[in-house]
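The values are calculated or read from the model by the stated rules, or taken from the named source; none is laboratory data. Quick caveat: nothing in here was measured; it's all calculated off a predicted structure. Here the Cβ positions follow ideal geometry from the backbone for every residue, glycine too, while neighbour counts run over all protein chains shown. Ligands, DNA and RNA are stripped out before the accessible areas are found, and what is left, the full protein with its side chains, is counted by its heavy atoms. Shrake-Rupley method; radii C 1.70, N 1.55, O 1.52, S 1.80 Å.
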Amino acid sequence: MTHSVGQRPSDRAATTGPPQPELPKQRRKPRAEARRARQDRRAMEAETGLRHRNWWTPYLFLAPGLLMVTLFSLWPFVNTVILSFTDAQILRGGGFVGFDNYTRAFADPDFWVATGNSVLYLVVVVPCLVLLPLALAVLVQTKVPGIGFFRSAFYTPVIASAVVVGLIWQWVLRSDGLVNTVFRKIGVISEPIPFLTDSRMLLVSAMIVTVWKGLGYYMVFYLAALGNVSPSLYEAAALDGAGTLRRFFSITIPQVKPMMLLVGTLSAISALRVFTEIYILGGESGGPGGGARTLPFLIRQVGLGFSGETGYACAISILLFLLTLVFSLLGRRLSKGDES
């Protein structure tokens with residue numbers, strides 16, 4: 001059958017009939033590949049002895065850990081939030097009181113004294129734990145005979161119990177302790193320095209203990225960061241005539257700056273959670289008149305005992321959590337700014 005020269009393709013297709021579909025050929029290839037994949041999997045299982053698991057198999061291995069986190073971390077946090085809106089006590093349940101506990105906290109002078117002490121603790125301790133361990137890491141990084149002994153000695157306070165450390169420093173700083181006795185013998189003082197009997201001095205003494213105990217811990221962080229700094233940078237700077245201080249500020253600090261931000265965030269969280277140092281050095285009252293109490297110490301005092309106010313203590317705990325979250329987010333923001 002012939003067609004005219006001016007006949008359109010659509011008319012030509014209508015004349016000759018519809019083309020044969022190629023769909024079966026397209027389906028044949030994926031089916032063959034799936035069959036080949038099943039054969040390969042069976043061959044691998046026969047060779048290795050491993051069987052194909054269901055999609056939920058990995059979650060069976062995660063289930064114990066998820067259960068522990070839920071029971072001992074997630075649920076206590078949720079329960080603390082719930083109790084903060086009640087007037088619950090230790091031996092009885094409480095009723096819903098709304099934001100009364102939070103309103104009470106903002107009007108409580110003890111809460112503001114504890115908050116001020118916690119923030120002051122953070123402001124003083126964090127810079128010390130960011131800079132001093134870095135200087136110590138640079139010092140012990142030098143390869144000289146016997147440096148391993150000094151590394152171990154600097155790390156010893158980290159593995160020591162916080163209670164033992166507090167008792168040692170209590171013996172050192174009390175009125176008839178080592179420091180006052182030595183100063184009196186050499187004629188520096190005539191009256192003992194009130195390290196543990198004055199609220200401000202007690203807070204400073206606790207800061208010294210915290211810094212002393214954290215030096216070796218954060219030194220390890222910096223040693224890991226300094227190990228990633230290329231020695232060629234120091235060699236090039238030395239050839240250009242840069243001295244030790246110039247190499248430290250121009251090479252060491254920029255290279256370990258992300259680690260400095262991490263140490264600052266971790267030490268800030270630890271500073272806001274400080275309790276043991278205040279308790280060991282100042283006793284159950286938190287120093288004279290409770291003037292050295294921090295927020296964790298106040299939470300313990302408010303919620304302890306048969307008449308402890310659990311709801312109010314939980315509200316202070318949530319406020320402490322929010323304060324810690326603010327400084328954590330600030331550290332994260334600074335870290336992102338440094339990376340950009």
Practice problem: Using the Cα centre as the reference, give the magnitude of the dipole from point charges on the C-beta atoms of segment 98-244 (Lys, Arg: +1; Asp, Glu: -1; all else neutral), rounded to the nearest 20 debye. | Solution: 420
Exercise. Highest first, please rank the peptides 84-91, 60-67 by the mean number of other Cβ atoms sitting within 10 Å of their residues.
Key: 84-91, 60-67
Practice problem: For segment 257-305, run through the trypsin sites (Lys or Arg not before Pro) and keep only the ones in DSSP coil with at most 16 other Cβ atoms within 10 Å of their Cβ. | Solution: R273
Exercise. Kindly identify segment 105-189 as rounded, prolate or oblate by the Cα gyration tensor criterion: order the square roots of the eigenvalues as a ≥ b ≥ c, call it rounded if a/c is under 1.5, otherwise compare a/b with b/c, prolate if a/b is larger, else oblate.
Key: oblate
Exercise. Would you look at the GNM of the chain, springs on alpha carbons closer than 10 Å, and say which of P296, P254, P127 moves the most?
Key: P254
Quiz prompt | Loop-located GluC sites (Glu not before Pro) in segment 227-304, at most 16 other Cβ atoms within 10 Å (DSSP) | solution = E284
Quiz item: Counting only protein heavy atoms, what percent of the accessible surface of segment 188-340 is carbon or sulfur at a 1.4 Å probe?
Solution: 63
Self-check item: Full-extension gain in nm, V78 to S175, via 0.36 nm per residue minus C-alpha separation
Solution: 30.4 nm
Exercise. Select one label from [x] 128; [y] 395; [z] 344: the one whose number is volume of the Cα convex hull per residue in Å³ as derived from the coordinates shown.
Key: [y]
Exercise. With θ set to phi - 60°, apply the Karplus curve 6.51 cos²θ - 1.76 cosθ + 1.60 along segment 191-201 and write out the HN-Hα couplings as whole Hz, x wherever there is a Gly or Pro.
Key: 10, x, 6, x, 4, 10, 10, 10, 4, 5, 5
Practice problem: At a 1.4 Å probe radius, which order do T57, T181, T142 fall into by accessible area, largest first? | Solution: T142, T181, T57
Exercise. Any chance you could give the angle, 0 to 90 degrees and rounded to 10, that helix 310-339 forms with the longest Cα principal axis of the chain?
Key: 60
Quiz item: In a GNM of the chain with a 10 Å cut-off on Cα contacts, which of L261, L178, L132 has the highest mean-square fluctuation?
Solution: L178
Self-check item: Probe 1.4 Å, accessible area per residue of segment 195-334, Å²
Solution: 48
Quiz item: With the Cα gyration tensor of segment 243-333 giving a ≥ b ≥ c as the square roots of its eigenvalues, does the rule (a/c under 1.5 for rounded; else a/b larger than b/c for prolate; else oblate) give rounded, prolate or oblate?
Solution: oblate
Exercise. Kindly identify segment 173-256 as rounded, prolate or oblate by the Cα gyration tensor criterion: order the square roots of the eigenvalues as a ≥ b ≥ c, call it rounded if a/c is under 1.5, otherwise compare a/b with b/c, prolate if a/b is larger, else oblate.
Key: prolate
Practice problem: Report, in deg cm²/dmol and to the nearest 500, the calculated mean residue ellipticity at 222 nm for the chain, where each DSSP H run with n ≥ 4 adds -39500 (n - 2.57) and the sum is divided by the residue count. | Solution: -22500 deg cm²/dmol
Exercise. Please go through segment 136-178 and write out the trypsin sites (Lys or Arg not before Pro) that DSSP classes as loop and that have at most 14 other C-beta atoms within 10 Å.
Key: K143
Exercise. Name the residue farthest towards the positive end of the dipole of segment 235-337 from the options F327, G308, G243, assuming +1 on Cβ of Lys and Arg, -1 on Cβ of Asp and Glu, about the Cα centre.
Key: G243
Practice problem: Give me the Kirkwood hydrodynamic radius of segment 187-340, using the inverse of the mean 1/r over all pairs of distinct Cα atoms, in Å to one decimal. | Solution: 18.9
Quiz item: Any idea what the dipole of segment 245-340 comes to, in debye rounded to 20, about its Cα centre with Lys/Arg Cβ at +1 and Asp/Glu Cβ at -1?
Solution: 480
Practice problem: In whole Å, largest first, what are the principal axis extents of the Cα atoms in segment 292-340? | Solution: 53, 22, 9
Self-check item: Net charge dipole size for segment 187-327 [Lys, Arg +1 and Asp, Glu -1 on Cβ; Debye, nearest 20]
Solution: 220
Practice problem: Taking only protein heavy atoms into account and a 1.4 Å probe, give the accessible area per residue of segment 48-191 in Å². | Solution: 68
Quiz item: Which residue, chosen from T156, V125, W75, occupies the Cα position most advanced towards the positive end of the dipole of the chain, where the dipole is computed from +1 (Lys, Arg) and -1 (Asp, Glu) charges on Cβ about the Cα centre?
Solution: W75
Quiz item: For segment 115-133 and segment 90-104, what is the separation of their C-alpha centers, rounded to whole Å?
Solution: 33
